[in-house]
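The structure appears right after this line, and notes come after that.
The values are calculated or read from the model by the stated rules, or taken from the named source; none is laboratory data. Because the structure is a prediction, the values reported are computed rather than measured. Please note: Cβ atoms are built from the backbone with ideal geometry, for glycine as well, and neighbour counts cover all protein chains shown. Calculation scope for accessible area: heavy atoms of the full protein, side chains included, ligands and nucleic acids excluded. Shrake-Rupley method; radii C 1.70, N 1.55, O 1.52, S 1.80 Å.
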Amino acid sequence: RIEILFPPCHCQSLLVLMMSKILIMLIGLRVDGLVYRSKGSQLRGNIILNSGRIALVGAGPGDPELLTVSALRHIADPDALVIADRLVSKEILDLVAGELRIAKKRPGCAEEAQQQIYDWVAEGVGNNRSVVRLKIGDPFVFGRGAEEILEFRETMGIEPVVVPGISSSLAAPLAAGVPVTHRGAAHQVILTTGYGRNGTEPALPPWAPHQTYVLLMAVGRLAQLTQSLIQTKEFPHSCPALIAERATCPNQRVLLADMATIAEHAQIHDIQAPSTIVFGAAVRALYPDHSHGLIEPKNFQSQPEFSTIDHHNLLNLINRLPISLSCESNNQQSTSFDSTLVYSPPSPTIFNNNAKEDQNTTAEAPY
């Protein structure tokens, strides 16, 4: 933003003042404390915001059928640059119609990968492109979404559109057959992560018999966490434990055990990220007599045949849906993301030197 500030006196030339105000109306400048802005921008605080150039989009837990309508609209834009987290499912990445770049955020290089994301976003914005920042689950639940918004505000002066996603913290237990609240078993839910900042161990809560504990990004240090919970947080050895690996995806696996043995079972079955871990009595609500090991939930079925759906007809149907007031407000501020996209079956361009490696690699990194 450019500012032209005149001292509050009456010696200004009338001609200079008129020319300045014409310039203000054309490109959006500030004079004598009055802020004018160009069409397509909005004012928040002291920042002129071009909403819509960046969209922070939640991809949900993995099943494309659990994408929101808004998320599907954004990733189906053939002109958009989509920058995705490495753990976003292949089934969802296959729906990207434009250019796709995958961030290689692995243990030990999370900050470098995050900076690469910022560089890609800046490149896209600098080239006047619509940028979709696609994040697994919900952007604001252990997704660093707020950090990215602050970065975009500070370095680019842009306020992103935020599209919520279904968080794995609740969807994964459901897909695994675990009601996180259940009368007589749990009336509170604790959400936490397995990694603190810079790889530290987070401050985990003490054991309470009527709580369900849901841990994200924790399978990589499961043995250390369970030992710590038993020794310092008074978790009983017999506390039911469950892992939902790649929840809601066609290759989902669910592992049932207890606090004392879950890490051993996870190693035996080579459980990998993305995985959601659940502790507490609610784990056994629908599996009262099931033995330890891999189980097959019967209440939730992913849709492996999703890729056979006619994508053109699907987008046409979505485009006929009414747009909410919040979306309508954002659309008034933006010409970058169109709610009536012209859609063709996706054939994304993947910008990633190790794309195949990333799709098959399951190590996780702290958020």
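Observations on the structure shown:
- Test: residue in the range 161-171 that is open to solvent by 30 Å² or more (accessible area, probe 1.4 Å), free of Cβ contacts under 8 Å to residues at least 40 places away in the same chain, over 21 Å from residue 277 (Cα atoms) and not in a helix (DSSP H, G or I): no
- When the range 243-287 is filtered for residues that are in a strand (DSSP E or B) and over 19 Å from residue 204 (Cα atoms), the ones remaining, listed by number, are 244, 245, 253, 254, 255, 256, 257.
A quick yes/no check of all residues on (1) more than 15 Å from residue 121 (Cβ to Cβ); (2) modelled with pLDDT of 90 or more:
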| position | (1), (2) |
| --- | --- |
| 43 | yes, no |
| 59 | yes, yes |
| 63 | yes, yes |
| 79 | yes, yes |
| 92 | yes, yes |
| 101 | no, yes |
| 107 | yes, no |
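- Residue ID - nearest to residue 218 (Cα to Cα), chosen from residues in the range 172-193 that are part of a loop (DSSP other than H, G, I, E, B) and open to solvent by 20 Å² or more (accessible area, probe 1.4 Å): 180
- Unmet criterion (only one of (1) within 19 Å of residue 163 (Cβ to Cβ); (2) modelled with pLDDT under 55) for residue 22: (1)
- Tabulated pairs, the range 119-133, first within 16 Å of residue 154 (Cβ to Cβ), second assigned to a helix (DSSP H, G or I) and open to solvent by 30 Å² or more (accessible area, probe 1.4 Å), C-beta under 7 angstrom, 6+ apart or interchain: 122/156; 125/156
- Tally, over the range 233-242, of residues that are part of a loop (DSSP other than H, G, I, E, B) and open to solvent by less than 10 Å² (accessible area, probe 1.4 Å): 2
- Note on the range 194-232: residues that are farther than 20 Å from residue 267 by Cα and either open to solvent by 70 Å² or more (accessible area, probe 1.4 Å) or not aromatic (Phe, Trp, Tyr) (or both) amount to 19.
- Taking the range 201-232 as the range and being aliphatic (A, V, I, L, M) and not in a helix (DSSP H, G or I) as the test, the residues that pass are 203, 204, 208, 214, 215, 216, 217, 218.
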